[in-house]
Amino acid sequence: LLVDEGTAAYQARRFSSAAERFAGAVATCPGDVDLLVNWGAAAWAASDTVSAVIAWQRAARLDPLAADIQGALSLLPSGARNGLADIPMIPVVPLALMALVSWCAGWLLLAWVWRTDRGGTWQSSLATVLVAAALAAGATAWWGHRALDASALAVVRRPETLRTAPGFEAATMGGVSTGDVVRLLTSQEGWSSVALADDRTGWIPAARLAPLVDRSATR
């Protein structure tokens, strides 16, 4: 029902209403890439940059090879798609499966060669190649999984001054913009310490941040 209402609202150019409906649908199906893409499109059309960043970033991390999602990300401000927000186009699941199959096949072939003493040089070489390929694919899948993990990332809700310590009396050190993706380091009395893509680290009010991943969503 929410999806139908969201689609109808989007077609009627009531983008804010459409974004609300799609956001509600995403809350019940957080892993649905199509819903995330639709939420992002409606939010972007409604000039809600923060929701668009959250929606499209989540979608891209679930399906990093989707060309339409990569195209949507290109519309976002630089801080919402580069640096900490950059999403490597790594097919984690296929690589992990390839690593598992290659690993098992390589060691089974080596075991057959050792036990039967019937294998030639090419069988041993093939087994070595399979094991090496498994290690390479596994390492790439592990790196991709870490790079796509958004559990420690947040989106800046509105422009804010970065400070050297928690508190408005602390010295300033530049600022952050709406839609910027930052890494959460720690929290203290309503303030969050964040790391930025340009290697700056500072404090901003926690209320100015929206988690990129909804930890309360039903999985």
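Please grab the % of Cα pairs in region 48-121 that end up more than 21 Å from each other. In whole percent, the long-distance tail amounts to 49. Full extension of the chain between Ser78 and Met173 yields a length gain of 32.2 nm, computed as 0.36 nm times the residue separation minus the alpha carbon distance.
You can think of it this way: the chain between Thr186 and Thr116 has 19.4 nm of extra reach, that is 0.36 nm per residue less the Cα-Cα gap. Between Asp63 and Trp107, the modelled labels are 3.5 nm apart [label points 7 Å from Cα along Cα→Cβ].
Computed over region 92-148, the alpha-carbon pair-distance distribution with 10 angstrom bins reads 28, 42, 21, 9, 1, each value a whole percent.
For region 153-211, what does the alpha-carbon gyration tensor say about shape, rounded, prolate or oblate, given a ≥ b ≥ c as the root eigenvalues, a/c under 1.5 as rounded, and a/b over b/c as prolate? It is rounded, given that a/c, with a ≥ b ≥ c, falls under 1.5. For the chain, the longest principal axis of the Cα atoms and the long axis of helix 33-45 meet at an angle of about 30 degrees. Stretching the chain fully between Trp143 and Ala45 yields a gain of 31.9 nm (0.36 nm per residue, less the alpha carbon separation). Counting only alpha carbon atoms, the long axis of helix 92-116 and the longest principal axis of the chain meet at about 20°.
Spacing of the modelled spin labels on Leu1 and Arg158, each 7 Å from Cα toward Cβ, amounts to 3.4 nm. For the chain, the fraction of C-alpha pairs farther apart than 21 angstrom is 63 percent. Between region 18-74 and region 130-157, the alpha-carbon centres lie 21 Å apart. Axis of helix 15-28 versus longest Cα principal axis of the chain: the two differ by about 40°, to the nearest ten degrees.
Any read-out appearing in this document is the output of simple, stated calculations on the displayed coordinates, not a laboratory observation. Predicted model only: the values in this text are computed from it and were never measured. Note that each Cβ is placed from the backbone with ideal geometry, even for glycine, and that neighbours are counted across all protein chains shown.
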